[in-house]
Each structure stands twice: as structure tokens, then as C-alpha cells.
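Asks: The structure is given below, and queries will be raised subsequently.
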Amino acid sequence: MIRFVVRRLVQSVPLLLVISLLIFALIHAAPGGPLSTYLENPNVRPEDIERLRKAMGLDRPLGMQYLSWLWAFVRGDWGFSYADGRPVLDRLVERIPATLELIGVACVMALIAALPAGILAAVNRRFDRVSSIFAVAGISLPVFWFGLLLQLVFAGALGWLPSSGRASFDGGDFVDRVAHLILPATVLAAALSAAWSRYLRRAMRDTVARPFIRAARSRGLSERTLLLHHALPNALPTFVTVVLLDISMMASGAVVTESIFAWPGIGSLFTEALGKRDYAVLMAFLMCGSVAVMVLNLVADLAVHTLDPRTRDAA
Amino acid sequence: MKWSLRSTLPLALAMTACGGGDTARSPKATGDLLTIGYDREPDTMNRYATHILEDIESCVVEGLVVNDEKMNIIPVLALDVPTTENGGVTLRPDGGMDVTWKLRPGVKWHDGVPHTSADVKFTVDAINKGDWKPESVDGFDRIASVDTPDSLTAVVHYREVYAPYRLQFVRGTLPKHVLDGRNIDAATDYNRKPLGTGPYRVVEWKTGEYILLEGVPDYWRGAQFPKIKRLLFKFLPNTTTRINQLKSGEVQLVALVPWDKVRELRGLPNIRLNQVVGNGYEHVTLNQKRFTPFADVTVRRAMAHAIDRDLIVNTLLDSLVTVVNGPIQPLSSAYEKNVTSYPHDPSRARALLDSAGWIASADGIRVKGGKRLAFTLITQSGFAIRENVSQALQKQFRDVGIDASVRLIDGTSISSIWFKGDFDAMLHWWQQGADPEMTLFFASDRMPPAGRNINYFKDDSLTAMLYASDRTADEGKRIDLLKAAQRRLSVLIPELPLYNTAKIDAVPAQLQGFTGNPTNAGPFWNVYQWQLTPR
């Protein structure tokens, strides 16, 4: 087990290197740069742009910029934001709690909806039909559209919930924070719960159709025991893998949701950094994202390993 | 769209049970608090280093001067605006210029330290020292030294005549007693909570969420100012979210409402739309270097006649803006009204193209020497009105045999594309400061990277006029030169001017004293006067 984890970690080092090179190349291939925002401003003279380019080190060859970034990065120096000059690490760290809060709550909401819906849909045809309509809607709703719609209804027309932000600036008590969380977490959870319930339904269906379930049923076990104690544990490993991988992918959904709801997390920081071509923040964000995907992959493997006794000998 | 309460009632009950209810709404605008929906989070609150509008900063840090809603430059921390007439500006025999700034007595920084000429000198020295990253050093790089004969007089010695000197300290001064000897880029205390002399100070900057300002108790204009106790700037980058919050009352003021959102906001009871004529103009830039047919003035004139600007303004822009004929806008003292204009006249346009040897081919597009009169018009994506206008232009050009294909490009990419000259034609605007200088945009030697002459247009006589205007300290003479330059521009028409950029701010109906501002000085220039009257 430990050897497995160590091996996976060692394997990830060259992979991360390649990823970092790819990301660096990609973000520099996009037109524009950190100085683009200055160009529209008539106060900023061409001489100023040249001066700032030098001061920011953007006049150096790209290869050198990459190597100096990499060398600093591995030593824990993530550099300074091109946009506001503050340390990149500070800018990321101050944003992480908000994103974790949002993703965490959205995951819990999605699980609460997906678990019963998935199980019920596997065994009840009528419920399956109804839930599939919601699932298709949930999966196909564009996040930005759904988010704006919820804002219009619940903040605009009805005025029950705040349309954006993490807390009122003079409120900030528990109730206020929950009120602020509801809309963005709902948007984020909608697509997830829809997809997850379908995965679980599929996995449960496959399991229910297998001979050991028929055998158990013939022994006179109740449907409830069959489903929850025999079918579900067998369907769970596939489901858990999907959930864990989806959580790492959730960052992309969070980018849009956070921007619409002015949620002060790393997603909205990413949008801002992308617009300003803040290379330092973009590199750090994308590298953290890559590491998160790798770690969650590993966690998914370990979770399956724990949940499914058949995989234990193989590892 | 109407939403029936019945269909949403069960969900509503669930949510009120969760505690949404009344706590959801921010307090309504009161005399105590005004909440502003702001389109971005500032990079820094240091006015000299920021590269976005200085709206929030200008509530805290005042300039020696500011320009008002009519673009008059009026003194703030200075007693007067120096001119040759009042003796504030003198020309030296060596070709240089001395500008004497008299500071307002009795002004203190928020920490109680007096604001003096030493701060003016420190600001110039700090910017010219070059060990940090101010956004622009324009004008400062022409200052040889600053003398401070007394604590309220700063004499600025320019190496050469610098016509826009009046706006040199529009961004105020840096406090010497706080920043002396420090690396200003790293002075986070100042850059996040700058020390100013203005009506407000920063109480809290919550990253990603808001900046809260609070009125200072002993503002130099008198204890009755500012009238609104606190200003809350909420960062809402998504335009639709910002407008939704305005409608729901969560924010009460949104500056620079996009033109295509104005209809949505009209008629809302708590909101007044304040409109001023902006000091900027939308136009089509014609890159002569990349698409050589634009180098022919007859082709450019034909294109100008092909465009129905009145139709565009009256339909797509809901008559929010007015048609203009040149780069200097009506509010400017240097504005020249009597210029050559090009009314919509397609038959004239066709005749001009015929005379220039561009003959219609089988598909209707004109051809000369095997080259088709076909180019790509780029413009910013996600800017709804611009996307529509570019399509209207495409149709109007097509009617006279010119083929323009439209390409939409995101805002960040488009700046680097035009800076490199990698485009044929571009629909965009320039937003200008209060000073009418145009050299950077039209002088022959100001093509990128040396400037923003992205028409790549050359005219020696125009260039001479522009440089002469920059090098005169006499306001009247300067204006004459700039007016002559506008007349010349209208004859040569290197770019196609379309319309003025109206600035529309949505403010609470009960807000008094709000005037807006045509320039990037922004609507907060007179925030100390604003007052929310109970209704």
C-alpha cells in the first residue's frame, strides 16, 4: 500500500514537469500579455510600456522566463502577481477557503440529491423516467445561464436571497452566510447531482442484474436489504471514483459560478488573472489544479482499494 | 418575464426556513451608506501605480487639480491653476518652463501631518528615481528639478515646454513622511490603504469582495463634508450580476452602465440615469500599412460617405450618443466645429471609388489591379453594441462594393493585436483625458511602438502642427494650432469617426450633487458634495 502510494508520487514528478511546460507554452501563446491592459490608456506612453516590460522581466527570452519560474517554483517561491504586485502565494491562499466552502457545500448537496435519486431510479421505473428528465436538464443547463436565472428570480424578482457575494459586509453571521451560499452552491450542485445520480443508477442496475443478487433474492431477503446491503456496496466503488474525479473537475464549474456570484474564491481570481494575463497567478493556479487532479486520482484509487476487497491483492 | 409566486412558493418556503428571508438584502441607501457596484477589484490603491480607473482612490487621495463635469480644470489641493496670465508659468530663455504651484494652506494628511510642497517634490523625485513601477511617467520625465521656496510653494522646472502641465499632479502627491526611503512597490500598507487628504479613508479592503470607505471627521473643506458617511464598493465583475444587484437594490450606484443595459434600467423608480457626453469617440481605424488601399484618401472619403452614422446612432444606440466628426470632443476647449464632414451618400461613395479606379466586379465587390477591396474589420467580442455596429458597417460598406468581414476578438488579445499593427481595420474607441493632446495618435513618428498612430498615417503638415501645439505654453495659441489640426484631419480623414461615447451612470434617485464626468477622472471627482436626501 505504502509502496503503491510512493510509486505513484514518484511517477507524478516528470508528469508535472511536462504539464508545467505545456501550461507555460499555452498561456504565452494566447495573444496579449500582462501589459495589454495598459495599452488602451492614453496616459501610458510607449516609453512607459517599454519601461514596465523591462521592470516585469517580460523582455527576457521565453525559455529563460520559464526556467527562472521553474527554479523559483520548486524552491517554493511562486513569484509576484503581475497585476497587483503581491505575492502569488498570498493571493491564492486568501482565496482558497471561499472555494473550499462553496465546493464542499455543493458536493454535500449533490450527494444528498444523487444518492437516493440514483438508487430509486435503478429500481423504480416511474421514478426513473421523472428523474431522467431532471438529470438531462441538470447536465445540459449552462452554468452561467442557470446562475443568472436563479439571480433574477430569487434575488431580483422575489428578493429572498442575496444575488452575490459571500456575506453582507456588515452582517456575516451564520444565517447571512448560508443565505449567500444557497444560490451558487445550488448552481454548482445541480449539474453534479444530475450526473452522479445517473452514474449510480447505472452501477446499481448492473449490480442488481447480477446472479448473486438473484441468489440473495431467492433466499428471501427483503428488497431493502438487497439494495442497501448487497447491491449498493458493490455499486459504490465505481460511483466513488466518479465523484472524486468530478470534484477535481469541479474547479472549472466553480470558475464560472464564482464569477457570476462574485464569490471571492480562486475561481474568480482565475478569471481575473486570465483577463489580465497575470502569468504568475495563472501558472500557480493551473499547477495547483494539476496537483489536485493527481492527488484526487490517487485518493480515488485508494478509496476503491478500501471499498472493494477484490482489488486489495492486486495492489 | 413574469414569475408567478405560486409555482415558486414551496421552494420559497424552504429557503425562508433556511434563513434567507429579509437578511438577504443590503440596507437601502441611507444618509449613512451608499453601496456601489464596481466592475473590478483595484490592483492597488496607489493612484500612480494603478492601471484601472482611479474612482475609489480619488475619494481618498486628491489631486492638486481635477477636471469637473464640463472638463474645466479646477484647483483642489492647489490654490490656483498656474497659467502664463496669472504668472504661474514662465518660459526660460533656455527653452525650458517653470510652473509654480501654490498649495492650499491648512490641508493635512489623514494622520494629521500637514500637506506641503515637500510632498510635491518627493512625488516627482520618487517617480523619476525609477526603482518602482508607476503606471506612467509622462511629463515627470521632462522635469529637471523641483524647488520648494516655502512649505506651500513648489516650483517645477521643466527641461522643455510641456503643454499638458496643468494635469501633471491630477493624481495628487505621495506622502513623503510615509514613503521616503522605501520601495514603493512593496509598501503594501500604503498601496492597500493609502494616506490621503480626501473626504474618505479606507477602512477595510476585503479581497475579492469589497472596499469600505469612511468619511474623515475633519475634512479640510469643512466638517459638513462628506455628507455620506460610508461608501461601500462591491466588486462585481459580471455585468449582468451588477445590473441585477442594482435592480434588486443590493447596490445603489453603478458607474458606466453599458449602453445595451440602459433600456432595462429606464423607468425603475429608485434609479436615475445620469448621462454626460464622454470625452471619447468610437471610430473605425484604417491601417494603411497592412491594407494599402486605405492609403488613398479618395477611398477613405468614399468609406466615410458610405456609412449612415445617423441610422446607427438612432437605431442601434437608441440615440444615447451623438455623431462626431473628429477626435476632439465638443466639451473640450480645443474642439473645432467647422470641419469637413461626410454625410451618408452612397452614390457619392460609389462615384469616388469609380474615380479612384476601383471598378465593381461580377460579385459587386470592387477590384483594382487584381486586388479586391476586401478587408477584415476587427472589434471586441462581448461588447454587444459594438458587435451590432460592426455588422451594420459591413452591410453599408457592401452597398458601395466594399467587402468587410467582421472578426470578434477578446478584450485582452485585441490590444496586443492593434499594438502590433496586425489588423486591417478596427472598430473601437479612444477615451481621452481632459488635455486635448493628439500627437500620440496622429503624428507621423508616433506609430507603434512609439505611439498609437495605428492608422499608420503620415502627414508632415499635420505632424508639425501637433508638435507645435505640444510646445506652446500659451493656451490660446495651442488651441488655434489644435483647431487647425482638426480641420486638416477632417480633410484627410485617416480614420472614420462615428459617434461620441456617452457616459451613463445609474445612481439612486435621491442622490443630490452627482454630476458624472466626461473623462477618466470619473464620476467620484466631487464625491464630498454628494448627499442622499430622504424621500
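Asks: Which residue, of A:Asp170, A:Asp176, is modelled with pLDDT under 90, over 22 Å from A:Ala110 (Cα atoms) and either within 14 Å of another protein chain (Cβ to nearest Cβ) or not in a helix (DSSP H, G or I) (or both)? I'd like the intermediate steps shown before the answer.
Replies: On the way: A:Asp176 fails: over 22 Å from A:Ala110 (Cα atoms).
None of the others qualify; the one that does is A:Asp170.
Asks: Filter region A:95-118 down to residues that are surrounded by fewer than 17 Cβ atoms within 10 Å (Cβ to Cβ) and within 12 Å of chain B (Cβ to nearest Cβ) and give me whichever is modelled with the lowest pLDDT.
Replies: The residue in question is A:Ile96.
Asks: So in region B:447-472, with the set limited to residues that are farther than 30 Å from B:Glu69 by Cα and at pLDDT below 95, which one is farthest from the other protein chains (Cβ to nearest Cβ)?
Replies: B:Met447
Asks: Within region B:244-270, which residues are touching a residue at least 24 places away in the same chain (Cβ under 8 Å) and buried (at least 20 other Cβ atoms within 10 Å of the Cβ)?
Replies: Those that are touching a residue at least 24 places away in the same chain (Cβ under 8 Å) and buried (at least 20 other Cβ atoms within 10 Å of the Cβ): B:Gln245, B:Leu246, B:Ser248, B:Gly249, B:Glu250, B:Val251, B:Gln252, B:Leu253, B:Val254, B:Ala255, B:Val257.
Asks: If the requirement is being of a type in the set (Val, Ile, Thr), surrounded by fewer than 16 Cβ atoms within 10 Å (Cβ to Cβ), at pLDDT 80 or above and more than 12 Å from the chain's Cα centre (by Cα), which of these qualifies: A:Thr241, A:Thr225?
Replies: On the way: A:Thr241 fails: surrounded by fewer than 16 Cβ atoms within 10 Å (Cβ to Cβ).
Going through A:Thr241, A:Thr225 in turn, the sole match is A:Thr225.
Asks: Could you tell me whether any residue of region B:504-525 is β-branched (Val, Ile, Thr), in contact with a strand residue (DSSP E or B) (Cβ under 6 Å, 6 or more places away or on another chain) and more than 14 Å from chain A (Cβ to nearest Cβ)?
Replies: yes
Asks: Continuing with the same structure: Taking the options B:Arg372, B:Arg398, B:Arg348, B:Arg366, name whichever one is over 22 Å from B:Asp308 (Cα atoms) and either in contact with a strand residue (DSSP E or B) (Cβ under 8 Å, 6 or more places away or on another chain) or modelled with pLDDT of 95 or more (or both).
Replies: Criteria check complete, one pass: B:Arg372.
Asks: Go through region B:169-198 residue by residue and tally those that are under 26 Å from B:Arg230 (Cβ atoms), among the basic types (Lys, Arg) and not in a loop (DSSP other than H, G, I, E, B).
Replies: 1
Asks: Identify, from the list A:Ser248, A:Ser197, A:Ser168, the residue that is among the polar types (S, T, N, Q), closer than 25 Å to A:Arg129 by Cβ and assigned by TED's automatic domain parsing to the domain that holds A:Gly289. Reasoning before the result, please.
Replies: Details: A:Ser248 fails: closer than 25 Å to A:Arg129 by Cβ; A:Ser168 fails: closer than 25 Å to A:Arg129 by Cβ.
Residue meeting the stated conditions: A:Ser197.
Asks: Which of the residues spanning region B:32-74 are of a type in the set (A, V, I, L, M), farther than 25 Å from B:Ser248 by Cα and assigned to a strand (DSSP E or B)?
Replies: Filtering region B:32-74 for residues of a type in the set (A, V, I, L, M) gives B:33-34, B:36, B:45, B:49, B:52-53, B:56, B:60-61, B:64-66, B:71, B:73-74.
Still in the list and also farther than 25 Å from B:Ser248 by Cα: B:45, B:49, B:52-53, B:60-61, B:64-66, B:71, B:73-74.
Residues satisfying the conditions are B:Val65, B:Val66, B:Ile73, B:Ile74.
Asks: Let me ask another. Against the definition (in contact with a helix residue (DSSP H, G or I) (Cβ under 9 Å, 6 or more places away or on another chain), crowded, with 17+ Cβ neighbours inside 10 Å and either within 30 Å of A:His28 (Cα to Cα) or modelled with pLDDT of 85 or more (or both)), how does A:Leu181 come out, yes or no?
Replies: yes
Asks: Are any of the residues in region B:131-139 outside any loop (DSSP other than H, G, I, E, B), surrounded by fewer than 21 Cβ atoms within 10 Å (Cβ to Cβ) and hydrophobic (A, V, I, L, M, F, W, C)?
Replies: Within region B:131-139, none of the residues are outside any loop (DSSP other than H, G, I, E, B), surrounded by fewer than 21 Cβ atoms within 10 Å (Cβ to Cβ) and hydrophobic (A, V, I, L, M, F, W, C).
Asks: Report, by residue number, each residue of region B:418-436 that is facing chain A (nearest Cβ under 8 Å) and farther than 17 Å from A:Leu35 by Cα.
Replies: Hits for region B:418-436 are B:Trp430, B:Gln431, B:Gln432, B:Gly433.
Asks: Is there a residue being buried (at least 23 other Cβ atoms within 10 Å of the Cβ) and of a type in the set (Val, Ile, Thr) anywhere in region B:224-232?
Replies: The answer is yes, given that some residue of region B:224-232 is buried (at least 23 other Cβ atoms within 10 Å of the Cβ) and of a type in the set (Val, Ile, Thr).
Asks: Only one of these is touching a Phe, Trp or Tyr at 6+ places or on another chain (Cβ under 9 Å), over 29 Å from B:Gly249 (Cα atoms) and crowded, with 23+ Cβ neighbours inside 10 Å: A:Ala121, A:Ala135. Name it.
Replies: A:Ala121
Asks: Further, regarding this structure: Scan region B:64-103 for residues that are under 27 Å from B:Asn517 (Cα atoms) and in contact with a His (Cβ under 8 Å, 6 or more places away or on another chain) and jot them down.
Replies: B:Leu77, B:Leu103, listed by residue number.
Asks: Among the candidates B:Gly267, B:Gly208, B:Gly249, single out the residue that is within 26 Å of the chain's Cα centre (by Cα), at positive phi and not aliphatic (A, V, I, L, M). It would help to see each step written out before you state the result.
Replies: Working: B:Gly267 fails: within 26 Å of the chain's Cα centre (by Cα); B:Gly249 fails: within 26 Å of the chain's Cα centre (by Cα).
On inspection, the qualifying residue turns out to be B:Gly208.
Rundown of residues vs (1) closer than 20 Å to B:Val137 by Cβ; (2) free of Cβ contacts under 8 Å to residues at least 12 places away in the same chain; (3) not acidic (Asp, Glu), yes/no style:
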{"residue": "A:Glu50", "(1), (2), (3)": "yes, yes, no"}
{"residue": "A:Gly57", "(1), (2), (3)": "yes, yes, yes"}
{"residue": "A:Tyr66", "(1), (2), (3)": "no, no, yes"}
{"residue": "A:Leu89", "(1), (2), (3)": "no, no, yes"}
{"residue": "A:Ile96", "(1), (2), (3)": "no, no, yes"}
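Asks: Could you check region B:318-349 and list, in sequence order, the residues that are closer than 21 Å to B:Arg398 by Cβ and surrounded by 21 or more Cβ atoms within 10 Å (Cβ to Cβ)?
Replies: Matches in region B:318-349: B:Tyr342, B:Ala349.
Asks: Of the residues in region B:351-387, how many are assigned to a loop (DSSP other than H, G, I, E, B) and surrounded by fewer than 17 Cβ atoms within 10 Å (Cβ to Cβ)?
Replies: Here the count works out to 10.
Asks: If I ask for residues that are within 14 Å of chain A (Cβ to nearest Cβ) and among the basic types (Lys, Arg), which ones from region B:387-417 would you list? Explain how you work it out, then say what you get.
Replies: Within region B:387-417, the subset within 14 Å of chain A (Cβ to nearest Cβ) is B:407-417.
B:Arg407 - this is the single residue of region B:387-417 that is within 14 Å of chain A (Cβ to nearest Cβ) and among the basic types (Lys, Arg).
Asks: Can we say B:Arg201 is at negative phi, away from chain A (no Cβ under 14 Å), of a type in the set (Lys, Arg) and outside any loop (DSSP other than H, G, I, E, B)?
Replies: It is true that B:Arg201 is at negative phi, away from chain A (no Cβ under 14 Å), of a type in the set (Lys, Arg) and outside any loop (DSSP other than H, G, I, E, B).
Asks: Which one is surrounded by the fewest Cβ atoms within 10 Å (Cβ to Cβ) among residues in region A:248-266 that are modelled with pLDDT of 80 or more and more than 10 Å from chain B (Cβ to nearest Cβ)? Reasoning before the result, please.
Replies: Taking region A:248-266 first, the residues modelled with pLDDT of 80 or more are A:254-266.
From the residues that got through so far, the ones that are more than 10 Å from chain B (Cβ to nearest Cβ) too are A:254-255, A:257.
Details: A:Ala254: 25, A:Val255: 20, A:Thr257: 28.
This residue is A:Val255.
Asks: Can you run down the residue pairs with Cβ atoms below 6 Å, 6 or more apart or on separate chains, where the first is in region A:21-35 and not assigned by TED's automatic domain parsing to the domain that holds A:Val281 and the partner is part of a loop (DSSP other than H, G, I, E, B)?
Replies: Pairs that qualify, where the first residue is not assigned by TED's automatic domain parsing to the domain that holds A:Val281 and the partner is part of a loop (DSSP other than H, G, I, E, B), are A:Gly32/A:Arg277; A:Gly33/A:Arg277; A:Pro34/A:Tyr82; A:Pro34/A:Arg277.
The values are calculated or read from the model by the stated rules, or taken from the named source; none is laboratory data. Nothing here was measured: the structure is a model prediction, and the numbers come from that model. Because the Cβ atoms are built from the backbone with ideal geometry, glycine has one as well, and the counts that use them run over all protein chains shown.
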